[in-house]
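The values are calculated or read from the model by the stated rules, or taken from the named source; none is laboratory data. Please read these numbers as outputs of a predicted model, since none were measured by experiment. Counting neighbours? That spans all protein chains shown, and the Cβs are built from the backbone with ideal geometry, glycine included.
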Amino acid sequence: MKNLFFALLCFIIGGIAQAQVGINTVTISDAAVLDIASSSDGITFGGFHIPHVTLAERNSITVSAADDGLMVYLSEGDTRCVQLYNATDDAWENVFCMPVNEAPTANPVTITGASYDVGVVLTGTYTYADNEGDLEGTSTFQWYRADDGAGTNSTAIAGATGLTYTPQTTDIGSFLSFAVIPIATTGTITGVETFSGYGGPVDANDPPIASSVSSAGCLIVGETLTANYTYSDDEGDPEGASNFQWYRAIDAAGTGATAIPGATASTYTLQAADAAQFLAVEVTPVASSGASPGLSVLSVYNGPVLASGTCGPTLLAVQDFEPVPATPTLAYVENDPGTLRTGNGTAPATPTYIDTRSYGAQNDYVDMDFGPVDASAYTTVTLNLRLAAFSMNTAGNGLDGADFVDIYISTDGGFTFSYEMEITGNSNARYDFTATGTQSLAYDGDDNPISIATPTGSNGITFVELSGIPNSADLVIGIVMDNDSNNELWVIDNVEVYGN
């Protein structure tokens, strides 16, 4: 039987070699040696099945130059290609390859969080993608710990298989990475594990900080003081129930300071025993999570506390530029002098002063320092002054945008200043002390002034106030006036400093 089959095969091959052959057809193409129809009856159809081989099987085929163009179908893993043998290059060439369903990807993979500190939650983020649109299944996550940012000696952290991870004390000094193995629901299921960069090193959780600790309120028996402070935490841990303690001493240096029994709230009502004493508050910041508490911080001692009185601003010093100055007198130094002013302006043709004299700058740059003032017994300080602008010599002039009055504040005796306010002229602005315009700002200490252009006429800025100035034993106010024409005049009067 085997001999018969072999003889038949040789007959067919011999026939093909010597003549045209048709399969499923009697109408053979004149150009074809072998003509195969898909059906012989128009009802049942089939295809041409070339030899299927694996990579090992294909490589086992003995080929030579005479086999140029030999065809196979290679099926190896995801590779499914029709190949021809290229005798010139002695290589199998792909004629056509079936599309391959690609694995899903996760990219980019990153870590977000306030810091790499113990107790601070880190969150892994990634973007899932699949070229065939296969939906994401249950992707898997793993956090890793390494010796440095390059991932040296990276090891998987046991149990850290979620999107979030909270660094532990065992992570201190290490660098952390988040990795994702993307999983699809269909197609090629599992993608390649992708890592974020290694962030760190992990640091111990720092305790919270209380800064700018102070007390606010009137220092009179029966009045209530309030602790003011700024809470912060490097890891963003929220504030819990911070602790307070009020102290009394016999002077501003804190001599003989003792804790006041029971005074452990953020507010304290002054008692008879506090009269003539100086008070301070201590704040111990407490976080609701992470390391806590922080270091206790004590405010300065304010006082003396009055046994009785009315709570309100207290005039600490005034400068009215009169021949016999008002008291308590606010001293001043002329760094770049101007002139004491009497008489009337040209426009408006009214007095350039409030009582009999003021101080002004006419075609001049004037720099004055007022103080020092001891405001240490008060919570804050308020500066008030009066301002006017005149045209001199001609009625059509006034103060323009290049003309200005600046206010500076120093709490260290004039060693450093914070530039707080600027008032500029505006289209020949001119007005006297009967104007009603007001400019009031709160001190912020950022050395970045708020600039305001004054209106002209009855709306001109004549009442100037700067509030919230910090209490200081060495407070100095700097005032600068500048204009660039002999026809222009700035004048100030009644410079007053109040303690609150």
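Observations on the structure shown:
- Apart from one condition, E235 fits all of (1) part of a loop (DSSP other than H, G, I, E, B); (2) out of contact with any Asp or Glu (no Cβ under 6 Å at 6 or more places or on another chain); (3) over 17 Å from V297 (Cβ atoms); the exception is (2).
- Which listed residue, of V109, V120, V100, is of a type outside the set (D, E) and either in contact with a helix residue (DSSP H, G or I) (Cβ under 6 Å, 6 or more places away or on another chain) or in a strand (DSSP E or B) (or both): V109
- Counting only strands (runs of 3 or more DSSP E) that fall entirely inside the stretch 263-328 and contain at least 1 residues that are assigned by the TED database to the domain that holds S376, the qualifying elements are 314-319.
- Residue within the stretch 408-420 that is assigned by the TED database to the domain that holds N384, closer than 23 Å to I354 by Cα, of a type in the set (A, V, I, L, M) and in a strand (DSSP E or B) present: no
- Entry remark, the stretch 333-371: residues being touching a residue at least 60 places away in the same chain (Cβ under 8 Å), of a type in the set (S, T, Y) and in a strand (DSSP E or B) number 3 in total.
- The stretch 143-164: number of residues that are free of Cβ contacts under 8 Å to residues at least 40 places away in the same chain and assigned to a strand (DSSP E or B): 4
- Filtered by the rule that a residue be closer than 30 Å to A210 by Cβ, surrounded by fewer than 20 Cβ atoms within 10 Å (Cβ to Cβ) and among the aliphatic types (A, V, I, L, M), the stretch 301-349 gives a lone residue, L306.
- Listed conditions (1) over 40 Å from the mean Cα position of the chain (by Cα); (2) crowded, with 19+ Cβ neighbours inside 10 Å are all met by N426, apart from (1).
- Only residues that are surrounded by fewer than 19 Cβ atoms within 10 Å (Cβ to Cβ), in contact (Cβ under 8 Å) with a residue 60 or more places away in the chain and not in a strand (DSSP E or B) were counted across the stretch 457-484, and they come to 3.
- Lone unmet requirement of (1) in a strand (DSSP E or B); (2) on the phi < 0 side of the Ramachandran plot for A402: (1)
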